[in-house]
Amino acid sequence: MNTQEFRAAVRGWLDTHDLSPGDDHSFDAQVAQLSRVRRALHDADWMRYGWPAEVGGLGGEAVLRAVLGEEVATRNLAEPGIYSMIEVLAPTVISYARPELAAEMVPRLLNGDEQWCQGFSEPGSGSDLASLSTRAAPDPDADTWIINGQKVWTSLAQFAARCVLLTRTGPGHEGITAFFVDMDTPGITVRPLRTMHGVDEFAEVWFDDVVVPADRMLGRPGDGWRVAMDLLPHERSTCFWHRIAYLYSILDNLVQQSDPADDLDLGAAYLAAHTVRSRSYATQQRLGAGGRLGPETSVDKVLLATAEQQLFDTCRDLVPGAVEWTDPVLRSEYLYSRAATIYGGTAEIQRNIIARRLLDLGKGDSG
Ligand SMILES: Cc1cc2nc3c(=O)[nH]c(=O)nc-3n(C[C@H](O)[C@H](O)[C@H](O)COP(=O)(O)OP(=O)(O)OC[C@H]3O[C@@H](n4cnc5c(N)ncnc54)[C@H](O)[C@@H]3O)c2cc1C
């Protein structure tokens with residue numbers, strides 16, 4: 001099925017199957033709604049397109065997943081931030097997990113049975129991810145690894161059945177090892193953290209003598225940095241297509257509430273949204289043509305964060321009082337848009353990557 005046929009078929013199906021969320025805007029309700037939407041889309045096979053047959057998919061280009069996400073976001077069926085977790089985590093699990101493990105686990109994510117989380121950041125390691133210190137030590141007699149340490153800002157941890165976890169198994173970048181950990185393993189403690197938009201989106205996660213089977217390692221000992229470098233470009237690009245569609249729907253609403261005197265501000269917000277959409281389209285095309293995502297996705301991330309914050313700034317300016325007083329949904333989105341320059345790596349770090357790795361700048365200093 002090509003992209004147009006797929007889009008038309010998905011639209012036809014969504015027109016006749018009501019997956020609208022209820023009035024409960026709590027985070028628990030959003031996560032439950034996400035599972036419901038994934039389950040329905042998986043049962044109808046839409047969620048399986050663009051994924052390889054080895055993990056229960058129906059094949060086809062990865063761009064079909066983006067088209068599905070766009071239709072879901074445009075109809076406001078699932079919160080776009082948490083919908084993206086599949087795009088962030090599943091491709092890396094497919095690349096690095098044992099094939100049998102990926103075949104067993106990925107369908108559970110696609111069909112809404114499970115949420116997964118990403119255990120990278122630590123209290124002392126965010127931008128400087130390679131300094132992480134959560135330790136994994138081998139127990140060769142038992143063919144297991146024992147994990148001790150703490151993660152933080154782990155989105156959806158309190159809902160997650162599994163975690164893609166980075167640990168330290170030796171010095172330096174080559175001493176980082178990734179595991180796919182069951183979150184109900186004894187020794188894991190999750191304490192939710194509230195964001196400034198009033199949602200328990202992420203959590204602190206402690207690991208106290210957590211025993212993980214050796215066959216849950218992603219790749220080999222020391223592959224963890226490569227796992228991270230493969231995962232982060234997805235978090236900084238492919239998962240944005242449907243978020244951009246969502247931003248367009250916010251912009252459409254704003255245009256309807258505005259008058260011609262606002263056209264300059266609306267035009268600037270549109271230009272920022274259109275710029276990231278064009279960039280994201282090129283990224284989707286590159287991925288579809290078999291390209292590998294890398295540091296160039298930092299451009300997508302900078303453009304997305306810029307467009308998102310500009311759009312919600314424009315909402316605040318053109319609809320006086322809405323963000324501050326009258327529109328709790330818009331207020332929540334406005335506050336959450338501030339996180340766009342932090343999650344997935346801060347704007348400063350993305351600009352460092354662009355300068356050093358894409359533009360080859362900075363040779364004159366110690367870096
Ligand atoms: C909504 C949200 C969800 C998140 N979800 C997850 C998740 O699921 N899993 C996970 O592992 N993490 C998650 N994070 C954490 C996120 O990855 C980190 O917050 C981010 O990488 C920054 O790390 P930090 O918070 O430790 O800030 P720091 O690294 O302490 O940075 C503080 C400030 O210093 C600046 N800075 C640091 N180093 C440099 C430098 N070399 N050059 C220039 N400026 C620099 C930064 O840009 C920033 O402004 C999430 C964050 C948010 C906001």
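The values are calculated or read from the model by the stated rules, or taken from the named source; none is laboratory data. In this text, all values refer to a predicted model and were calculated from it rather than measured experimentally. Positions of Cβ are generated from backbone atoms using ideal geometry, with glycine treated the same way; all protein chains shown enter the neighbour counts.
Here is how the numbers come out for the structure above:
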| item | result |
| --- | --- |
| Yes/no for residue 113 being at pLDDT below 95, surrounded by fewer than 16 Cβ atoms within 10 Å (Cβ to Cβ) and away from the ligand (no atom under 16 Å from the Cβ) | no |
| Selection status of residue 160, more than 16 Å from the ligand (Cβ to nearest atom) and crowded, with 17+ Cβ neighbours inside 10 Å | no |
| Among the candidates 319, 323, residue that is surrounded by fewer than 20 Cβ atoms within 10 Å (Cβ to Cβ) and not hydroxyl-bearing (Ser, Thr, Tyr) | 319 |
| Test set (1) of a type in the set (Val, Ile, Thr); (2) within 24 Å of residue 289 (Cα to Cα); (3) surrounded by fewer than 17 Cβ atoms within 10 Å (Cβ to Cβ) - residue 16 fails condition number | (2) |
| Filtered residues of region 76-94 (kept if more than 14 Å from the ligand (Cβ to nearest atom) and either within 24 Å of residue 207 (Cβ to Cβ) or in a loop (DSSP other than H, G, I, E, B) (or both)) | 76, 77, 78, 90, 93 |
| Per-region count, region 254-276, residues closer than 14 Å to residue 319 by Cβ and either part of a loop (DSSP other than H, G, I, E, B) or over 25 Å from the mean Cα position of the chain (by Cα) (or both) | 10 |
| 1 or more residues away from the ligand (no atom under 16 Å from the Cβ), under 24 Å from residue 274 (Cα atoms) and outside the structural domain of residue 195 (by TED's automatic domain parsing): qualifying helices (runs of 4 or more DSSP H) within region 288-367 | 297-318, 328-337 |
| In region 188-210, the residues that are surrounded by 14 or more Cβ atoms within 10 Å (Cβ to Cβ) and more than 16 Å from the ligand (Cβ to nearest atom) | 210 |
| Residue that is closer than 23 Å to residue 37 by Cα, touching a Phe, Trp or Tyr at 6+ places or on another chain (Cβ under 9 Å) and either buried (at least 17 other Cβ atoms within 10 Å of the Cβ) or assigned by TED's automatic domain parsing to the domain that holds residue 244 (or both), where the choices are 68, 165, 129 | 68 |
